[in-house]
Number of protein chains: 2
Amino acid sequence: MADRDVRVRLDIAYDGTDFSGWATQPGRRTVQAELEQALATVLRVPAARLTVAGRTDAGVHATGQVAHLDLAAELWTEAGPKLVRRLAGVLPADVRVRAATAVPAEFDARFAGLWRRYEYRISDDPSGASPLHRRFVLDHRRALDVPAMAAAAKLLLGLRDFAAFCKWRDTGTTIRTLEVFDVTRLPDGEIRAEVQADAFCHSMVRSLIGGLLAVGEGRKDVDWPASLLTRTSRSDEVAVAPAHGLTLVAVGYPPDDELAARTKRTRAIRGAHEVEE
Amino acid sequence: MADRDVRVRLDIAYDGTDFSGWATQPGRRTVQAELEQALATVLRVPAARLTVAGRTDAGVHATGQVAHLDLAAELWTEAGPKLVRRLAGVLPADVRVRAATAVPAEFDARFAGLWRRYEYRISDDPSGASPLHRRFVLDHRRALDVPAMAAAAKLLLGLRDFAAFCKWRDTGTTIRTLEVFDVTRLPDGEIRAEVQADAFCHSMVRSLIGGLLAVGEGRKDVDWPASLLTRTSRSDEVAVAPAHGLTLVAVGYPPDDELAARTKRTRAIRGAHEVEE
């Protein structure tokens, strides 16, 4: 970024149903392209370029996505206070910018992230998923043993090699720290899995959920998903759960004075590897 | 119903977005027509005819709709236990039958109802309604004074003539008992209005919400909606809030031994008048 630029953090929410994922692809409707186009329109600049915390797949939703961009200081001073309201008038209803905030130049939405948190929602109601929730809840219909799934999830916690649950993409590491993996049945009967890690390799959350579904149906034992952690490559036995049950709900960042160190460390560990789901 | 028939109660949920309301209309996609067609298919009968608790308008949703139909006893014995699961496989994802239960012959989904409860959801977030909730939440964007709305709602409670809030339809009474009218801001920032009455005249909930929005924006005083209860006909000053924020969440019925008396009483009061929103 240039000396006179301001780094701006955007907090973003979207319904992934009608998007081909986050990342711009020619001829496809993507969240990134919609946002960059809306920003260029509202800011009256030729182009805006976003860096994102989690490059979500087609069909995956977000309530707590984070991205950053750099703006000329004069532009931010003029447009900043009205940016969120103006974007609301330009963006389609399935993507929203919740907040736009000036942050230190060391803030990097992707590499400064300490952790990502996802939720996966499942309905095992034999009558089907709630019509009002069906766009973001898996319609499973077969009864699931939630305590068994919760116990299997606990066995996966910690610093592990998740190669069995990662789609191979490049030479990045598949070692991750799984910090939270809670499975609970909500008062409305739906099942919520909360998953938090420093980062996720490609399709990791959906593969973890695929493993738990096998346990919840009684097809596999509680200790089966954790037994796969000895593998060094993707396991064909693990189904990847459908994208539409998955929502990125939050990304955590360190205090401002630790941003630079965190970014440097993450780049060293993961290099060009995709930090994504 | 014939002597050998069984009366069956259906508990129903739907996303009203893509329906032209509950009631069958030629050439339109309606909840009633989808359900009656699915029932005929699953039960292998030429036709099925439903009587509903609340004939919702186009765009209005339901999580707690109730309807009844009469089935030959042999058919119910054979098909009843698998009916919900079979309907789940035949119905489109935006309408679900949550339960199918044999009830006393005196049960009448429409006339035996003691009360109907609706929820209306509003987002006043300047960045717009949640992408995941936007199909059932009003995207208002202008800040609303929720305590003022809640105070205005309380002044409307009780047995009143709601003519100012009713679209004229026929000669039925506009006198209703408003039992619950609570307005609260939820932890996620959205505003929820809960409205319960013995019954509602046409567009009554949406007109009540329209009145509260004028108060919430500061355009009208807290006592203004209640001041309209002196009118004997629809007030042009009251805007009808959009349909998509409204959801029928529950219908209450008396104990079995009071069903017949309740049905008789309701028919006497309201005659052929639509019990609907």
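Some notes on this structure:
- Nearby lysines by direct alpha-carbon distance to B:Lys154 (threshold 29 angstrom, same-chain neighbours under 8 apart not counted): B:Lys167, B:Lys220
- Mean residue ellipticity at 222 nm, helices only, chain B: -7000 deg cm²/dmol; runs of at least 4 DSSP H residues each add -39,500 (n - 2.57), and the sum is divided by the number of residues.
- Per-residue mean of foreign Cβ neighbours for A:122-129 is 5 (Cβ atoms of other chains, 10 Å radius).
- Extension gain, B:Asp3-B:Asp257: 0.36 nm per intervening residue step, less the Cα-Cα distance, totals 89.5 nm.
- Candidates per GluC sites (Glu not before Pro) in segment B:182-249, loop by DSSP, up to 14 other Cβ within 10 Å: B:Glu237
- Max mean-square fluctuation residue, GNM over chain B, Cα-Cα springs under 10 Å, options B:Gly27, B:Gly216, B:Gly189: B:Gly27
- Dipole magnitude of segment B:5-112 about its Cα centre (Cβ charges: Lys, Arg +1; Asp, Glu -1), debye to nearest 20: 160
- Contour excess over end-to-end distance, with Cα ends at B:Asp223 and B:Arg85 and 0.36 nm allotted per residue: 44.7 nm
Coordinate-derived values only; no laboratory data. None of the values given here were measured: they were computed from a predicted structure. In this analysis, Cβ positions are derived from the backbone assuming ideal geometry, glycine residues included, and neighbour counts consider all displayed protein chains.
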